[in-house]
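Asker: Dumping the structure here so I can ask a few things about it.
Just so it is clear, none of the values below were taken in a lab; they were calculated from the coordinates. Just so you know, these numbers come straight off a predicted model, no measurement behind them. Don't worry about glycine lacking a Cβ; one is built from the backbone with ideal geometry, like all the others, and counts go over all protein chains shown.
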Amino acid sequence: MVYFLLSSRSLAVMIGLGTEELTRGSESVIIGEVEDTEAQWSKDGKTIFTKAFIVVNEIIRGRTLQKRITIEYEGGEIGDIGLKVSDVVPLEKGERVLLFLKSGKSRGDGFVYNVVGKAQGKYSIDNERIARKRGFSVMGGEDIIDNNIPLDELLKKIREVR
Amino acid sequence: MNNLFKYLALIFVINLWGYSNLSAFETCQTSKGLDIKWDTFNATYYVNSKGGPAGSLSAIQSAMQTWTDVNTSSFAFLYGGSTFSTAHGINDGINTVTFGPMGTTGILAANAFWYYVSSGQIIDSDIKFNTNYPWAVNGSANAYDVQNVGTHEHGHSLCLKDLYDSTDYEKTMYGYVSRGETKKIILDPDDINGISYLYPLPVQLIFPNGGEVVPSGSTYVIQWNAPLEAASFTLWYSIDNGTTWEHTASGVKGTSYNWNVPTPIYNKIKCFVKIIGYDISGIPLDEDDSDSKFIIEVVRLTSPNGGETLVSGTLRAITWQTNGTIRPVANIELYYTINSGSTWKLITTLEGNPKSYTWTIPSVTSRKTGCKAKVILKDANGKIIGRDSSNRYFTIKPL
């Protein structure tokens, strides 16, 4: 998938999904650990979506109602059938992540959180506290996207957003 | 290809370029770590260009052809024709490229594909261009180029991932693109390595591949195609229709080998060559045999070779050619039959190997259509070391 950064630099109009825009577009930004994932068929049986259960370790901005939240995204594997959608990066069990979140209606039942900007809104945090994200294509704006960035620097940027 | 192969391939690519810090192509994997890929050498896409700019179909075909043209890969995208379908992301076994609105949430084009978890085999792949954003086919600065984005999306269809390192800037799979950009329509060497890793050329024997007549005792150049990661080859041959195989050579580099053709007793008409390719760790990658049988020829009777009408009492040259023999030729025996090989009569025995003899056509009482001549090579001990007969029947008629 080519993911379009809402920008037209030639017209000096930049509505991109840099850290500032991701933060503003989110209800909450959290650091957590992926406790488990579960793929399900949609109600019409035509597509697969995955629910990831996240244990929230730290709330960077906003709020979440619970210590354990559910994230939903397109794709996943059920039995021998798998679906990948090109701008969606799966959450992996045990993975430590920073997520930009917005609540929404589930493709199944109830309400869940979605990652803002799909793959753009998910950072994986490694043992050296470096935040990395992958799995998306963006139309321009690579210079405003924070990637492979020290976590503390990223958190500072998020917290500075007004 | 397993992960070890991929690791080795990546090392190979890095070494090939002389870089130590250059990032390389990345592939999609199942949750079990298997590469997700097509299990055939081609994938057919149907295109619904309605909603795209004029020329979109041609631009998409060009995008597909760019990947198909990679001569180090066996994979081809095929255009299956136009479709009215607007289905996207549905596992219906029909691969489509469509145009349609997808909102203004930033998604310019999407690629959804279905696969088997146990094997990684792709079973459906759909691409959709978001018509909520402007498109062009001429690199217009204010729109997104269909061929440019299409080439990138078809890279995803192969299951190549986006790349983000600054050193990836020139690659088709670089994850950032902009309005008016067209550089992704030309593949970078790393993109080519990506498709070549996922869909390598098979080890493919070119010669001998069936139908050849190979002289015994000669030097014959065995030739083949092979993927980049095939570091060495082992060669075998069979003269008994593949029942048994004789080792020819091991540790062969390159894509050809000068084969010292054996000198069997009698012509061998059911011969095959087998080649096995290995990676740098000696693990077999692929193998191929001659598609059909070829001949190792010790001696060939060249005349009369069938179809002639000869007259009793006249003279006719019997001629033959000989190749390498297991032992020197000491004598030649010439025979003929007039009853389709039921019985053979000796014409003459010759010293040495003169390769020609003037034969007085025997007397017959009626027209004989089941005639053949035969040449037998013998060594100094009288043992047969080669023989051949007319390929087809000739006729002898009375004077």
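Asker: Could you give the length gained by full extension between residue B:86 and residue B:260, i.e. 0.36 nm per residue of separation minus their alpha carbon distance, to one decimal place?
Answerer: 56.6 nm
Asker: Determine the shape class of region A:61-134: with a ≥ b ≥ c the square roots of the Cα gyration tensor eigenvalues, call it rounded for a/c under 1.5, and otherwise prolate if a/b is greater than b/c, oblate otherwise.
Answerer: Working: a/c = 1.72, a/b = 1.11, b/c = 1.56.
Cα axes put region A:61-134 in the oblate bin.
Asker: Please enumerate, by chain and number, the lysines with C-alpha under 16 Å from the C-alpha of residue B:50, excluding those fewer than 8 residues away in the same chain.
Answerer: Output for residue B:50: B:128.
Asker: Taking the Cα centre of the protein assembly as shown as origin, work out the dipole magnitude from +1 charges on Lys and Arg Cβ and -1 charges on Asp and Glu Cβ, in debye rounded to 20.
Answerer: 1880
Asker: Looking only at Cβ-Cβ distances, which cysteines of chain B have no other cysteine closer than 4.7 Å?
Answerer: By the Cβ distance rule, which asks for a partner under 4.7 Å, the isolated cysteines are B:271, B:371.
Asker: So, one more: Any aspartates and glutamates with Cα under 16 Å of the residue B:368 Cα? List them, leaving off those in the same chain fewer than 8 positions away.
Answerer: B:308
Asker: Right, here's the next one. Restricting to DSSP H runs of at least four residues, report the calculated mean residue ellipticity at 222 nm for chain B, -39500 (n - 2.57) per run over all residues, nearest 500 deg cm²/dmol.
Answerer: -4000 deg cm²/dmol
Asker: Assuming 0.36 nm per residue, please report the length gained on full extension of the stretch residue B:243 to residue B:182 beyond their Cα-Cα distance.
Answerer: Contour length minus the Cα-Cα distance gives 16.4 nm.
Asker: Please compute the length gained on full extension between residue B:331 and residue B:351, using 0.36 nm multiplied by the number of residues separating them and subtracting their Cα-Cα distance.
Answerer: 6.7 nm
Asker: Given R₀ = 35 Å, FRET efficiency for residue A:102-residue A:148 by Cβ-Cβ distance, to 0.05?
Answerer: Working from the Cβ atoms, E equals 0.90.
Asker: If a/c stays under 1.5 just call it rounded; otherwise compare a/b with b/c (prolate if a/b is bigger, oblate if not). Do that for chain B, with a ≥ b ≥ c from the square roots of the Cα gyration tensor eigenvalues.
Answerer: It comes out prolate by the Cα gyration axes.
Asker: Per residue of B:174-185, how many C-beta atoms from partner chains lie within 10 Å of its own C-beta, taken as a mean?
Answerer: On the way: counts 2, 12, 12, 9, 10, 8, 2, 2, 0, 0, 1, 0.
Whole-number average of other-chain Cβ neighbours for B:174-185 is 5.
Asker: Given R₀ = 51 Å, what would the calculated FRET efficiency be for residue B:170 paired with residue A:27, taking r from the Cβ atoms and rounding to 0.05?
Answerer: It comes to 0.85.
Asker: State the percent of C-alpha pairs, over all pairs in region B:211-272, separated by a distance greater than 18 angstrom.
Answerer: 38
Asker: Okay, moving on. Taking the simple approach of a point 7 Å from Cα along Cα-to-Cβ for both residue B:69 and residue B:321, what is their distance in nm?
Answerer: 4.3
Asker: Could you give the nm distance between label points at residue B:314 and residue B:218, where each point is 7 Å from its Cα heading toward the beta carbon?
Answerer: Inter-label distance under the simple model: 3.2 nm.
Asker: Something else now. Can you return the aspartates and glutamates within cross-link range of residue B:270? Criterion is Cα-Cα under 12 Å, with same-chain partners fewer than 8 residues away left out.
Answerer: Cα-Cα hits under 12 Å: B:212, B:240, B:291, B:297.
Asker: Please work out the FRET efficiency for the pair residue B:269 and residue B:40, using the Cβ-Cβ distance as r and a Förster radius of 35 Å; give the result to the nearest 0.05. Don't skip to the end; give the middle numbers.
Answerer: Details: r = 35 Å, r/R0 = 0.99.
That gives a FRET efficiency of 0.50.
Asker: Once you've got the Cα coordinates, tell me which of B:293/B:355; A:51/A:105; A:46/A:84; A:46/A:118; A:51/A:102; B:374/B:397 are over 24 Å apart.
Answerer: B:293/B:355
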